[in-house]
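The values are calculated or read from the model by the stated rules, or taken from the named source; none is laboratory data. As the structure is a computational prediction, the values presented were derived from the model and not from experiment. Heads up, the Cβs are rebuilt from the backbone with ideal geometry, glycines too, and the neighbour counts pull from every protein chain shown.
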Amino acid sequence: MILSATTVPEAVRDFAREVARDLALTPKQIQSKYLYDALGSSLFESICRLPWYRITRAESRLLARSANEMVAPVEDPVTLLELGCGSGEKVALLAEALRTRRRRVAIHLIDISATALELSERTLGALEHVSVVGHRATYEDGLRRAARERPAKGGLLVLFLGSNIGNFDPPASQEFLAEIRGTLRPGDALLLGADLVKPVGELMLAYDDPLGVTAAFNKNVLVRINRELAANFDLKAFEHRAVWNPLERRVEMHLVSVRPQTVSIPRAGIEVAFDDGESIWTESSYKYEPAEIMELVSEAGFRSHAQWVEPDARFALTLFVVE
Ligand SMILES: C[S@@+](CC[C@H](N)C(=O)[O-])C[C@H]1O[C@@H](n2cnc3c(N)ncnc32)[C@H](O)[C@@H]1O
């Protein structure tokens, strides 16, 4: 069935418009936010449990060890705001550290995925001293919405964890950090989790695991386009590929066409021709050095307060304050 403009939900219309725009680019692209439908979010949770994807465990270890210090500079009553919350397990560690202050903690969760929000709300439901508001929105829209709803008193701690910042290219990350800074008040803070540069072999295993879970996560975006935009991608005709780009210091995920083919995407109003070996670039994960993170965020108008580095998996959490 072809849905008319009035019956197609706005989110599907945006998806169709952006897919049409980005598959016309050279190289062809699909934005990584579209990897997270219900199945994509579940696959991401599985990736977090893979022995080769060490980001989640490394960051959770840092949070479990130092959550008290991380929340210390923020005044009561504290509002926590997490951008791209995933399972909500990390924000729960910080909320737990605030329990001793005997004040209620308001938590705003922002995620494009309804599944991630449901999972987080369930995780946080076990904590009696918190009230949770979920915003199903992009980072930018959700941030604006949550900032409008915050109480007049108390500090706001923005959490941008899991190296989500690494999905932005450097100019876009600068722009987004400045946008975060623009919504904050003196006394607020930002806790940023960023993955560090490490040996290429380790990076490749994290983004192209031997069980093929990351490949399924990546290919699922084609399943989503088939379902939501009535496309006819043949899943066997595309392969997952992860590559380390040493000049840009990022891992790129691609879907590579294994033969010349034409795919039709009726709800986006396009037919797309692929050469043999041509790829769709679906995600970038930039990797950083600890000092570089300080510099990047300080340039957006924050003052760095403290940094915690997990030396085995090489992951950094950095706390910035607004003066
Ligand atoms: C890599 S996962 C990380 C989840 C969690 N922060 C963690 O550390 O495990 C990224 C999360 O951000 C959400 N997300 C990705 N792009 C987004 C965007 N542009 N706007 C809002 N949410 C987004 C995804 O749905 C997913 O839950």
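Listed values, structure above:
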{"quantity": "Any hit, segment 188-206, residues being within 15 Å of the ligand (Cβ to nearest atom) and acidic (Asp, Glu)", "calculated": "yes"}
{"quantity": "Any hit, segment 158-168, residues being without any contact (Cβ under 8 Å) to a residue 40 or more places away in the chain, surrounded by 22 or more Cβ atoms within 10 Å (Cβ to Cβ) and within 16 Å of the chain's Cα centre (by Cα)", "calculated": "no"}
{"quantity": "Every residue from segment 72-91 that is crowded, with 22+ Cβ neighbours inside 10 Å and assigned to a helix (DSSP H, G or I)", "calculated": "90, 91"}
{"quantity": "Pair list, Cβ under 8 Å, 6 or more apart: segment 143-155 residue more than 15 Å from residue 104 (Cβ to Cβ), other residue of a type in the set (Gly, Ala, Ser)", "calculated": "145/137"}
{"quantity": "Test: residue 98 is under 26 Å from residue 281 (Cα atoms), away from the ligand (no atom under 12 Å from the Cβ) and modelled with pLDDT of 95 or more", "calculated": "no"}
{"quantity": "Qualifying residue in segment 3-15 (condition: of a type in the set (Val, Ile, Thr), crowded, with 18+ Cβ neighbours inside 10 Å and either within 12 Å of the ligand (Cβ to nearest atom) or over 17 Å from the mean Cα position of the chain (by Cα) (or both))", "calculated": "no"}
{"quantity": "Pick from segment 106-128, criterion touching a residue at least 40 places away in the same chain (Cβ under 8 Å) and of a type in the set (Val, Ile, Thr), ranking: nearest to the ligand (Cβ to nearest atom)", "calculated": "112"}
{"quantity": "Helices (runs of 4 or more DSSP H) wholly inside segment 108-217 containing at least 3 residues that are among the small types (Gly, Ala, Ser)", "calculated": "114-125, 139-149, 170-183"}
{"quantity": "Only one of 292, 239 that is surrounded by 15 or more Cβ atoms within 10 Å (Cβ to Cβ), under 30 Å from residue 188 (Cα atoms) and out of contact with any Pro (no Cβ under 6 Å at 6 or more places or on another chain)", "calculated": "292"}
{"quantity": "From 144, 150, residue being more than 18 Å from the chain's Cα centre (by Cα) and of a type in the set (D, E, K, R)", "calculated": "150"}
{"quantity": "Residue among 103, 65, 54 that is closer than 25 Å to residue 191 by Cα, of a type in the set (D, E, K, R), at pLDDT 95 or above and more than 16 Å from the ligand (Cβ to nearest atom)", "calculated": "65"}
{"quantity": "Residue within segment 147-154 that is surrounded by 22 or more Cβ atoms within 10 Å (Cβ to Cβ), at pLDDT 95 or above and out of contact with any Leu (no Cβ under 6 Å at 6 or more places or on another chain) present", "calculated": "no"}
{"quantity": "Search result, residues across segment 190-206 that are buried (at least 24 other Cβ atoms within 10 Å of the Cβ) and more than 17 Å from residue 248 (Cα to Cα)", "calculated": "190, 191, 192, 193"}
{"quantity": "Evaluation of residue 124 against (1) within 30 Å of residue 197 (Cα to Cα); (2) of a type in the set (A, V, I, L, M); (3) surrounded by 22 or more Cβ atoms within 10 Å (Cβ to Cβ) (one fails), failing number", "calculated": "(1)"}
{"quantity": "Tally of residues being away from the ligand (no atom under 12 Å from the Cβ) and hydroxyl-bearing (Ser, Thr, Tyr) across segment 18-45", "calculated": "1"}
{"quantity": "Complete set of residues in segment 277-299 that are farther than 18 Å from residue 319 by Cβ and charged (D, E, K, R)", "calculated": "278, 283, 287"}
{"quantity": "Pairs where the first residue, in segment 229-241, is at negative phi and the second is modelled with pLDDT of 95 or more and part of a loop (DSSP other than H, G, I, E, B), C-beta under 9 Å, 6+ apart", "calculated": "236/258; 237/258; 237/259; 238/258; 239/258; 240/208; 240/212; 241/208"}
{"quantity": "Check on residue 299, in contact with a strand residue (DSSP E or B) (Cβ under 7 Å, 6 or more places away or on another chain) and not β-branched (Val, Ile, Thr)", "calculated": "no"}
